[in-house]
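Data block below; observations after.
Values in this text are rule-based calculations from the coordinates and carry no lab data. Treat the numbers as computed from the prediction; the structure is a model and nothing was measured. Every residue, glycine among them, receives a Cβ derived from its backbone with ideal geometry; neighbour counts consider all protein chains shown.
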There are 2 protein chains.
Amino acid sequence: MKENPNNVVWHEPSVTVADRKQLYDYRSCAIWFTGLPSAGKSTLANALSRKLHSCGIMSYVLDGDNIRHGLNKDLGSSPEDRKENIRRIGEVAALFVDAGLIAMTAFISPYREDRRTARAIVKQGEFIEVYVKCQLDVCEQRDPKGMYKKARAGQIKEFTGVSAVYEEPEKPEIVLETDKLSVEDCVNRLLDYLVSNEYIKKSRMAREMANAVL
Amino acid sequence: MKENPNNVVWHEPSVTVADRKQLYDYRSCAIWFTGLPSAGKSTLANALSRKLHSCGIMSYVLDGDNIRHGLNKDLGSSPEDRKENIRRIGEVAALFVDAGLIAMTAFISPYREDRRTARAIVKQGEFIEVYVKCQLDVCEQRDPKGMYKKARAGQIKEFTGVSAVYEEPEKPEIVLETDKLSVEDCVNRLLDYLVSNEYIKKSRMAREMANAVL
C-alpha cells in the first residue's frame, strides 16, 4: 500500500553511536592537545591524523586554521571570549565524537578551568587530555611563526609562556615531552594509548590501508 | 639516524580533502534542509542519514537536539542571536564537510539572508539547499510536539508560519513536497541528486553495506 504522506509518522530514528560503531569498528573520542605555543600540538595532532587516515580511521583536527577565522571569528581576547572560545571548541569536538570521528583539538588552552569545561562537555571516557610538554627555551627556539620574538619585543600582549601563565595539567591522560621524544615516538605513544584503551583495534593498525578504497 | 626532537621541523601536512576523497570515494557536502515547523526536515535528514550509513557513507545530522542545548545554548531569540545561530550552524557544517562527511542541517532557517550566509560559509558547489515544502495546514495537523497548538494559543511568540514569516527559498537545489510525496520518495530524490551531481557513486548505492564491517 502506498504510504500516505499526510498521515506518515514524521519521525525516523537517527543513526546511533552503536550503528556507527558497527560500521567503523573503532571508538570515537576527543583528543585534547594542550601546551605552550610551539610545543608541538598541531604537529602531533596532524601526524596522528595522517596515521589514522592511513589505517582507514576517520579523524579531524580542530585548530587555529579552521576555527579562528570561522566559528570563533567573533571572539576577541577578553577573559569571557577566551572561555567561550574553548567552550565552543569543546562543543564542536563533542559533535565530531558523536558523529563517529576521532576529534583532535590543538589549542594552547592554558587554563585548567577551561579544559575542565571541555572535558565536561564531551562524554565521560571519551576525552583524552594530552599534555604536550616542552621546555620554554626549546619552544622559543622553534618559534616557526616568530610569535615568541614578537612577544619578547612587547608586540603581543598576554602571550602564554612569556607574559601570561600556562597552567600545567594535573592529571592528563598522556604526557608527551616533545623536547625529548621525536614526532614518531610521540605518535606511537598516542597509538599505544588508543589501542590499550580500546579506542582502536591493534589489527586495524597492522593492516594499513593507505591506498585502499573502501 | 635518530631524529633530534629539538631541531625537528614542527610541522606536518594535514590530511587533505583529496586524501579523504581517495579513502572514502564520495564527495562531502552540506545539505541544508529548510522549511516550516513539522514540514519534515529532521525526518528527511535522519532518513537520508540512515540510508547513507547503510551504504557505508559517513554523514551527520545537525539539529535542535544536538545544537540548541550545546554549541548554541548561549543564544536567545533576538534578531542578532537568530543570525548568530544560523552562522554557527553554517560554520560547523563547513567543518564537517572539510572532515569528509555529508553534513545535514535541519533547522527552520526562515530567512533568506541567513541561508545566504550559510551558503557563503560552505565552499561553492558543496552547499545543497533543500526546501522541505509542505502546506501549513498539513504541518499543523502533524504537529508532533504540539508547538502549533501552543503558538495558536499565544503561548509561543514569533512562531514561524503562525506569527512569524517564512521566506521561501528562491533557487533551492531541491524542492521536496512532503504533503505529496512519501518519506521514501523524498529520500530517493535526494539520492538521485547526490548521484547525478557526483557526490556519491551509483555503484556505492547498489551494494548496500548495512552489516559490513569495513
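Tabulated values for the structure
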{"read-out": "Inter-label distance for A:Val165 and B:Lys171, nm, one decimal - labels placed 7 Å from Cα along Cα-to-Cβ", "value": "5.5 nm"}
{"read-out": "Nearest 10 degrees, 0 to 90: helix A:41-54 Cα axis against chain A principal axis", "value": "30 degrees"}
{"read-out": "Stokes-Einstein D (µm²/s) once Rh is taken as the Kirkwood radius of the protein assembly as shown over alpha-carbon pairs, at 25 °C in 0.890 mPa s", "value": "107 µm²/s"}
{"read-out": "Footprinting exposure proxy for A:Glu91, B:Glu184 (fewest neighbouring C-beta atoms within 10 Å first)", "value": "B:Glu184, A:Glu91"}
{"read-out": "Those trypsin sites (Lys or Arg not before Pro) in region A:125-184 that DSSP places in a loop and that have at most 11 other beta carbons within 10 Å", "value": "A:Lys145, A:Lys157"}
{"read-out": "Cα-derived Rg to Rh of chain B, Kirkwood definition", "value": "1.05"}
{"read-out": "Size of region A:111-183 as Cα extents on the principal axes (Å, biggest first)", "value": "42, 29, 19"}
{"read-out": "Sum of -39500 (n - 2.57) over DSSP H runs of 4+, divided by residues of chain A (222 nm, nearest 500)", "value": "-11500 deg cm²/dmol"}
{"read-out": "Pairwise FRET efficiency - B:Asp81 versus A:Arg112, Cβ, R0 = 41 Å, nearest 0.05", "value": "0.85"}
{"read-out": "For B:His69, A:His53, order by how many other beta-carbon atoms lie within 10 Å, fewest first", "value": "B:His69, A:His53"}
{"read-out": "Acute angle (nearest 10 degrees) that the helix A:183-196 long axis makes with the longest principal axis of chain A, alpha-carbon atoms", "value": "40 degrees"}
{"read-out": "Sorted by Cβ density within 10 Å, fewest first, the residues B:Cys55, B:Cys29", "value": "B:Cys55, B:Cys29"}
{"read-out": "Globularity index of region B:167-208, i.e. its alpha-carbon radius of gyration over 2.2 N^0.38 Å", "value": "1.35"}
{"read-out": "Crossing angle, helix A:79-98 versus chain A [Cα axis fit, 0-90 degrees, rounded to tens]", "value": "40 degrees"}
